[in-house]
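The values are calculated or read from the model by the stated rules, or taken from the named source; none is laboratory data. Keep in mind it's a predicted model, so treat the numbers as computed, not measured. Cβ placement follows ideal geometry from the backbone for every residue including glycine, while neighbour counts extend to all protein chains displayed. Note: areas computed on protein heavy atoms with side chains; ligands, DNA, RNA excluded. Shrake-Rupley method; radii C 1.70, N 1.55, O 1.52, S 1.80 Å.
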Amino acid sequence: MTVIVPYVEPFLESETETWARANGALICLLLQSDSSHYWTLLSMMWMASAGTSRDPGLSEHVGKPLTVVEQDVVPARGVVEAMEACPEPWCASPYQLGTGVWLDEGLGCTKFSAKLIADHPDLMEVVGWIDDDGMPARDWHRLDVRIARTLRDLGYAPHRHRRSTHLHDYSKRP
């Protein structure tokens, strides 16, 4: 399985970084000045898993599930391993935003199976053209919603696993 931890400086939480290093995740710096950089990373890793990437440096990811753990999420103990072993195509570990809403379709801690990716190798390309929700195409602000909507349109629903911890404190920073 390929596990990526996308982050923007200086928002990689120390607990998330510690988890990522202990679990062999790829920690991926995103350019804060480029609102489409997150989409670019996901698209690149999606194509690598699908075997459609032209980058020979990504060949080790062919046929592997793709798991995303965002910069401010700490996966529940064992949840990434449980998602890897899970036969469901789309797995999510719900997390709460502060004391508010629970997200179960966000990208905070999500697995896309190798079969899902192989069956829909162009999914990120399709998602990259969506701009009907008030944000530009490929913008990170709606990426999770656009991926979820596209998967739901294809008949998928997230298989929920144990809840993870969201660390972002909205009262202290944007």
request  = Among what's in the range 1-34 and is open to solvent by 40 Å² or more (accessible area, probe 1.4 Å) and hydroxyl-bearing (Ser, Thr, Tyr), pick the residue that is modelled with the lowest pLDDT.
outcome  = Ser33
task = Quickly run through the range 103-126 and pick out the residues that are touching an Asp or Glu at 6+ places or on another chain (Cβ under 9 Å) and modelled with pLDDT under 95.
result = Leu103, Glu105, Gly106
request  = Exactly one condition in (1) open to solvent by less than 60 Å² (accessible area, probe 1.4 Å); (2) out of contact with any helix residue (DSSP H, G or I) (no Cβ under 7 Å at 6 or more places or on another chain); (3) part of a loop (DSSP other than H, G, I, E, B); (4) over 24 Å from Ile130 (Cβ atoms) is not met by Gly63; state its number.
outcome  = (2)
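So, Lys111, is that one in contact with a helix residue (DSSP H, G or I) (Cβ under 7 Å, 6 or more places away or on another chain), in contact (Cβ under 8 Å) with a residue 40 or more places away in the chain and not in a strand (DSSP E or B) or not?
Working: in contact with a helix residue (DSSP H, G or I) (Cβ under 7 Å, 6 or more places away or on another chain): yes; in contact (Cβ under 8 Å) with a residue 40 or more places away in the chain: yes; not in a strand (DSSP E or B): no.
So Lys111 fails the test.
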ask   = Yes or no: Leu116 open to solvent by less than 40 Å² (accessible area, probe 1.4 Å), under 13 Å from the mean Cα position of the chain (by Cα) and of a type in the set (A, V, I, L, M)?
value = no
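Looking at Pro87, Pro121, which is the one that is open to solvent by 70 Å² or more (accessible area, probe 1.4 Å) and more than 14 Å from the chain's Cα centre (by Cα)? Lay out the reasoning, then the answer.
Working: Pro121 fails: open to solvent by 70 Å² or more (accessible area, probe 1.4 Å).
One residue alone meets the criteria, Pro87.
Mind checking which residues of the range 132-174 are assigned to a helix (DSSP H, G or I) and either open to solvent by 40 Å² or more (accessible area, probe 1.4 Å) or among the hydrophobic types (A, V, I, L, M, F, W, C) (or both)? Can you show your working first?
Initial filter on the range 132-174 (assigned to a helix (DSSP H, G or I)): 140-153.
Result: Trp140, His141, Arg142, Leu143, Val145, Ile147, Ala148, Arg149, Leu151, Arg152, Asp153.
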message = open to solvent by 40 Å² or more (accessible area, probe 1.4 Å) and either modelled with pLDDT under 95 or out of contact with any helix residue (DSSP H, G or I) (no Cβ under 9 Å at 6 or more places or on another chain) (or both): is that true of Trp129 in this structure?
response = yes
inquiry  = With the requirement that a residue be farther than 22 Å from Phe11 by Cα and either aromatic (Phe, Trp, Tyr) or open to solvent by 20 Å² or more (accessible area, probe 1.4 Å) (or both), what does the range 35-57 give you?
reply    = Met44, Trp46, Met47, Ala50, Gly51, Thr52, Ser53, Arg54, Asp55, Pro56, Gly57
